[in-house]
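Rule-based calculations on the coordinates, nothing more; no lab input. The structure displayed is predicted, hence computed values, not measured ones. Virtual Cβ from ideal backbone geometry, glycine too; neighbours counted across all protein chains shown.
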């Protein structure tokens, strides 16, 4: 018994599979938002909003309760309310904005670990 699959069929299957996974993940996030009653923000976006703290900092903040983390599968999401609370607690002034920009520039200049 042999099965022949064309490249086009394989690509179509792969695209459909990827779309199904995305739809399922999106559905899981929406269900979780409904259960906890707030909007969830993906970790990457949350870090950008908070001036790119290190992932270990985000983890410590979530462990201490400073930032509310919701884990869906292997992905981390943070509640919009906890991010807004942090922003409101810290007045964003010019010095803070400069520090945020410097932090972003430093991280973008770092060489990948494989090159260091």
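Observations on the model:
- Difference of contour (0.36 nm per residue) and Cα-Cα distance, residue 85 to residue 9: 22.4 nm
- Each label point was placed 7 Å from the Cα along the Cα-to-Cβ direction; for residue 20 and residue 75 their separation is 1.8 nm.
- Modelled FRET efficiency - R0 41 Å, residue 31 with residue 1, Cβ distances, 0.05 increments: 0.50
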